[in-house]
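Notes for the one structure printed next.
The values are calculated or read from the model by the stated rules, or taken from the named source; none is laboratory data. Computed from a predicted structure; not experimentally measured. Reconstructed Cβ throughout: ideal geometry from the backbone, glycine too, with neighbour counts over all protein chains shown.
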Amino acid sequence: MTTTLATVLTPTPSPVVTYYDVATGERVELSGVTLANWVAKVANFLVDELDAERGTRVRIGLPSHWLRYVWILGAWRVGAVVADSDAQIGLSGPELEAAEPIRLAASLRPLGGRFPAEPEGFHDIAVHVPASPDVFIDLDPPAPDDLALDVAGRRATHAELLAAPALTARVVREPGSVADDAADLAAALTGGGSLVMVAGGGPDDLVRIAAQEHARLDGPGR
C-alpha cells in the first residue's frame with residue numbers, strides 16, 4: 001500500500017500529464033515512465049547538488065506548466081515541502097524573482113530549453129537537471145505524516161493528500177495555483193487519472209482540446 005507521495009508514481013506508458021500552450025502551439029505529454037525519469041533526475045539534483053533533505057522547503061514559482069508538476073513531485077520524492085515562504089530553495093521562471101538562498105530558474109522555452117546564458121546567481125535547471133542520474137535511491141524517505149504542502153494557508157501531509165478523493169478520469173485543467181496543481185497531481189496519481197493542462201486557451205480551445213485528448217472538460221473550480 002502506498003503511504004507517501006514519494007512512491008505513488010507508477011512508471012506506466014499511459015499519459016499522466018499533457019501540457020498545451022495555445023499561444024505557442026507547444027504540446028508536451030509525460031507518460032508515467034517519462035514523468036518518473038524526470039522526477040528521479042530532479043530528486044538527484046536536489047539531493048546531490050543542493051543538499052536537500054526531508055523537511056527542506058522548496059518554493060516552486062512557476063506558472064501551471066509541465067515543469068511545475070515535475071518539480072512538485074520531485075520535491076515530494078526527497079521528502080521536501082512544497083512551500084511559498086521560508087524556503088531554502090526557490091525556483092522561478094524567466095522573470096528571475098527568487099529570493100531564497102539557493103536560486104533556480106526555468107526559461108519555460110519549448111521542450112525545456114535553456115536560457116541563452118545561465119542567469120547570474122541562478123542555476124539554470126535545463127543545464128543541471130538533465131545531467132543528473134535517472135534512478136533515485138531513497139536513503140531517507142519521507143513518512144506519511146511528513147508535511148508535503150504549505151502554500152497559501154493550505155497545509156497537508158503526504159497521508160492527507162493521499163486520502164483526498166482520487167481522480168480516475170482524464171480531465172482538462174486551466175492554469176491554477178501551485179496548491180491546486182499539487183492536489184490534482186496527487187489525486188491523479190492515486191486514482192490512475194490524467195491531467196491535460198491548457199495554458200492560454202479560450203473556451204473554444206478547451207472544448208477542442210478536450211475532444212482531441214478524449215478528456216473530460218470540467219466546469220470552473222476544482
message: Within the range 23-35, take every residue that is outside any strand (DSSP E or B) and crowded, with 17+ Cβ neighbours inside 10 Å and give me the one that is nearest to the chain's Cα centre (by Cα).
response: L35
- prompt: Any residue at all in the range 45-61 that is out of contact with any Gly (no Cβ under 9 Å at 6 or more places or on another chain), within 25 Å of L189 (Cα to Cα) and of a type outside the set (D, E)?
  reply: yes
- prompt: Is at least one residue of the range 166-184 of a type in the set (A, V, I, L, M) and touching a His at 6+ places or on another chain (Cβ under 8 Å)?
  reply: no
message: Being closer than 25 Å to G200 by Cα, modelled with pLDDT of 95 or more and in contact with a helix residue (DSSP H, G or I) (Cβ under 6 Å, 6 or more places away or on another chain) narrows it down to one residue among V42, V22; which is it?
response: V22
- request: Please state which one of V39, V17 is buried (at least 20 other Cβ atoms within 10 Å of the Cβ), touching a residue at least 60 places away in the same chain (Cβ under 8 Å) and not in a helix (DSSP H, G or I).
  value: V17
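Okay, residues lined up against (1) aliphatic (A, V, I, L, M); (2) over 23 Å from P94 (Cα atoms); (3) surrounded by fewer than 19 Cβ atoms within 10 Å (Cβ to Cβ):
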position	(1), (2), (3)
H123	no, no, no
D134	no, yes, yes
L149	yes, yes, no
A163	yes, yes, yes
A169	yes, yes, yes
P175	no, no, yes
A187	yes, yes, no
M197	yes, no, no
field: Complete set of residues in the range 21-53 that are of a type in the set (D, E) and on the phi < 0 side of the Ramachandran plot
entry: D21, E26, E29, D48, E49, E53
message: For the range 1-14, give me each residue that is of a type outside the set (S, T, Y) and surrounded by fewer than 17 Cβ atoms within 10 Å (Cβ to Cβ).
response: M1, P11, P13
query: In the range 140-170, which residues are part of a loop (DSSP other than H, G, I, E, B), over 18 Å from I60 (Cβ atoms) and without any contact (Cβ under 8 Å) to a residue 60 or more places away in the chain?
result: D145, A164, P165, A166, L167, T168, A169
message: For the range 13-37, give me each residue that is out of contact with any strand residue (DSSP E or B) (no Cβ under 7 Å at 6 or more places or on another chain) and closer than 27 Å to D146 by Cβ.
response: V33, T34, A36, N37
query: Among L9, L46, L67, which is the only one that is under 16 Å from the mean Cα position of the chain (by Cα) and part of a loop (DSSP other than H, G, I, E, B)?
result: L9
query: On the given criteria, is L111 of a type in the set (A, V, I, L, M, F, W, C) and either under 21 Å from V16 (Cα atoms) or part of a loop (DSSP other than H, G, I, E, B) (or both)?
result: yes
- request: Quick one: count up the residues across the range 70-100 that are β-branched (V, I, T), over 18 Å from A143 (Cβ atoms) and not in a helix (DSSP H, G or I).
  value: 1
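Residues checked against (1) at pLDDT below 95; (2) under 21 Å from T12 (Cβ atoms); (3) part of a helix (DSSP H, G or I):
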{"site": "V172", "(1), (2), (3)": "no, yes, no"}
{"site": "D184", "(1), (2), (3)": "no, yes, yes"}
{"site": "L189", "(1), (2), (3)": "no, yes, yes"}
{"site": "V196", "(1), (2), (3)": "no, yes, no"}
{"site": "D205", "(1), (2), (3)": "no, no, yes"}
{"site": "R208", "(1), (2), (3)": "no, no, yes"}
{"site": "A211", "(1), (2), (3)": "no, no, yes"}
{"site": "H214", "(1), (2), (3)": "no, yes, no"}
{"site": "G219", "(1), (2), (3)": "yes, no, no"}
